[in-house]
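Have a look at the structure below before the remarks.
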Amino acid sequence: CSGVVTVNVNPKVEVLKGDTAKLPCTYKVSPSSSNTVVEWYIDEQGTRKRVAFRSQGGEGKSDDDSPVTGRVTIGEDFTLTITSVDPSDELVFYCQVTAGPAGVGDAATKLEVFFAPEKPELTRPSSQAISAGESTSSEIGTCVTMNGHPQPRIIWFKDDQPLPEVKDRKEKTYMIPSVVKEASGLYTIKSTLYMQPTKADKDSVFQCTVEYYMPRDQIKQKKSDTITINLNYPSEKATFSLLNTDPVKEGDDVTMKCETDGNPQPEIDFTKDGDAITGQGGLLTLKSVKRTDSGLYKCTAIDFDNLDADLSGMISLTVHYIDPVSVIPVQPQVVMLGDKVEWQCKTKASTAHTVHWKKGSEVLSQDGTLSLQDISYDKAGEYMCVGAVPSVPGLTAQATVNLTVKGKPMIETPAAGVVGKEGDMVTLKCSAYGFPAPQFTWKPSGKESVSVEGNKVVSTVTLQATAEVIKDGVTCKVSNEHGTDSKTFQISFKRAIDNSANRADKQQGGSSGVVIAVVVCVLLLLLMVALIYFLNKKSKLPCSKKDKKEVAGGEVNNDIVVEMKTDKANEEAGLLTKRPSTEQV
């Protein structure tokens, strides 16, 4: 009866380049045999070559001169281990079991080695630009990916859409691939894309992707950077545009751009009202324009690849302006206190405009006329007439006039001086209107300084608060050719004011306490009177002699105590005791 040897291995073992591969092998022998040898072979050009062997109970050994010599071992369980796996190790391995009389059996396992390729590099050709509409296909780009295993493949994309893989050079779009197997056993893949692009491809984005396999049937991808093509195509129309976003006004820089929809841009000429002017590279720039720069501008281009196309454009440029404002009367005005004055303000502009008068931020008139009646000192100063074109931001013109008010001096209401005690120094300010500027006289005098604050002249004096100063005050007198004015500054004590206020508060508090005490006493007194009245009324009720005897038969003892307390915790007690005597009838 013949024996049977059954050998079991994994049909496929997957491993990454550089890692360790383990190829297990188990067997069954029937009938059993004590003289069993397990040998591992590789298939080398149709011939088996042993790489390692081990007898049952013996030591494992590897053979010399095999592709895995020095990197292979066989374990006690007959598993073949290969370290530092290389792509060249991707072979079919056979586990062969020889079991004496039982015979020989074997099984094959395939070792597959994987290595991810590098990110693909996409480059454009160094040749000149591609022309649209040519009858032959032009090179778009070359995609290269290196060091992959197993052999990866390259996929081309245009605008994120995959292109069919076409190798026929008669087609308008095709690819020329090439594969190089390096000495390391890794693959370098190159693919060059050819197309006959049209004008629609001028903005197209090209990219290539490498697709490769990894263990456990994984399919992965790496994408290249993107490229665009330099495509030449004829012009069909021209566009002439004003790059300024706001309305143009005098003093602005103006830029106009003329361009066609072709590539490259043809030569462009500019004219204004039919006269040639110079531009540069499709741009016409006007520096600090004036109203005379308004007019009709035209650009014209000629594309020799499309001579029939009308490549021109026009811009009607309006330069807005506003004339300087004129004010009548022009000279500064000097008027007497209480008089009146009037100014007229006018201007012209390229479109609807406004004219208004203002002093500081306050708008006083919006019709060009400023009329001031019954003039007071606070109306002296600078007035501004502003002309503006609301539809053109920043287009304004302005002029200023000055008003001086003459008259006798007028002192503002003085603020009292305050000192801590007699003998302290006190500082007083006397502010006066008037023109010509008034002269100041202090009585009594002290250390004085004069300053101008707007329309006012301010004199500041510092002196000692003597008894006489505190009693009579300090007088400020101002005068000019139109008259005089004077005011007296009173000096007071800060502490005296505070103490008086405290005393007043205390007096008010004491008076409130007295009133409350009086009200309480009156209420208690009324309560006592009512109680006494009630008791007397009760004792004088009419009764018969018999009743009186009965009453006399017993002793009546009524004790009534009335207690009074004040808020001051002093107690006043009133004790009212009534003891009626026994009456014999």
J(HN,Hα) series, the range 199-204, from Karplus relation 6.51 cos²θ - 1.76 cosθ + 1.60, nearest Hz, glycine and proline x: 4, 5, 8, 4, 10, 5
Cβ-Cβ FRET estimate between K199 and K49, R0 fixed at 56 Å, reported to 0.05: 0.35
The range 175-240: equivalent-ellipsoid semi-axes (sqrt of 5 x gyration tensor eigenvalues, Cα, Å): 37, 15, 9
Kirkwood hydrodynamic radius (C-alpha pairs) into Stokes-Einstein, the range 178-302, 37 °C and 0.692 mPa s, D in µm²/s: 167 µm²/s
5 Å binning of all Cα-Cα separations within the range 399-489, expressed as whole percents from 0 upward: 3, 15, 24, 22, 15, 10, 6, 3, 2, 1, 0, 0
Karplus 3J(HN,Hα) series, Hz, for the range 67-72 with 6.51 cos²θ - 1.76 cosθ + 1.60 (x for Gly, Pro): x, 10, 4, x, 10, 10
Area accessible to solvent at S135, 1.4 Å probe radius, in Å²: 100 Å²
Sulfur and carbon atoms: percent of accessible area, the chain [1.4 Å]: 50 percent
CD proxy at 222 nm, helix term only [per DSSP H run n ≥ 4: -39500 (n - 2.57); per residue of the chain; nearest 500]: -3500 deg cm²/dmol
Amide H within-cut-off set for I140, under 5 Å, with H built and near neighbours excluded: L193, Y194, M195
³J(HN,Hα), Karplus 6.51/-1.76/1.60, whole Hz, each residue of the range 294-308, x for Gly, Pro: 5, x, 9, 9, 9, 10, 9, 10, 10, 10, 5, 8, 7, 5, 7
Amide proton proximity set for L311, modelled H, under 5 Å, gap of 5+: A301
Above-threshold pairs, the threshold being 31 Å between Cα atoms, out of K17/K172; K443/K494; K170/K237; K22/K190: K17/K172; K170/K237; K22/K190
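Quickly rank 355-363, 236-244, 251-259 as a protection proxy: mean count of other C-beta atoms within 10 Å, highest first.
Highest-to-lowest ranking by the protection proxy: 251-259, 236-244, 355-363.
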Built amide H within the under 5 Å cut-off of V334, gap 5+: T404
Counting DSSP beta bridges with both ends in the chain, the antiparallel % (nearest 5): 90 percent
Square roots of five times the Cα gyration tensor eigenvalues for the range 29-167, Å: 53, 15, 12
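Which FRET efficiency, nearest 0.05, do S288 and E382 yield, Cβ-Cβ r, R0 35 Å?
0.70
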Additional length obtainable on full extension of the chain from V363 to I277, 0.36 nm per residue less Cα span: 26.4 nm
Over the chain, volume per residue of the alpha carbon convex hull, in Å³: 719 Å³
On Cα atoms only, tilt of 494-539 relative to the major axis of the chain in degrees: 70 degrees
For the chain: accessible area per residue (Å², 1.4 Å): 60 Å²
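Calculate, for K443 and A415, the FRET efficiency according to 1/(1 + (r/R0)^6) with r their C-beta to C-beta distance and R0 30 Å; round to the nearest 0.05.
Step by step, r from the Cβ atoms, then E = 0.95.
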Centre separation in Å (Cα based) which lies between the range 155-169 and the range 384-414: 76 Å
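Where does each of 470-478, 267-275 land if you order them by average Cβ count within 10 Å, highest first?
470-478, 267-275
The values are calculated or read from the model by the stated rules, or taken from the named source; none is laboratory data. Everything numeric in this text was worked out from a predicted model, so none of it was measured. Positions of Cβ are backbone-derived with ideal geometry, glycine not excepted, and every protein chain shown enters the neighbour counts. Remember, those area values only see protein heavy atoms, side chains included, never the ligands or the DNA or RNA. Shrake-Rupley method; radii C 1.70, N 1.55, O 1.52, S 1.80 Å.
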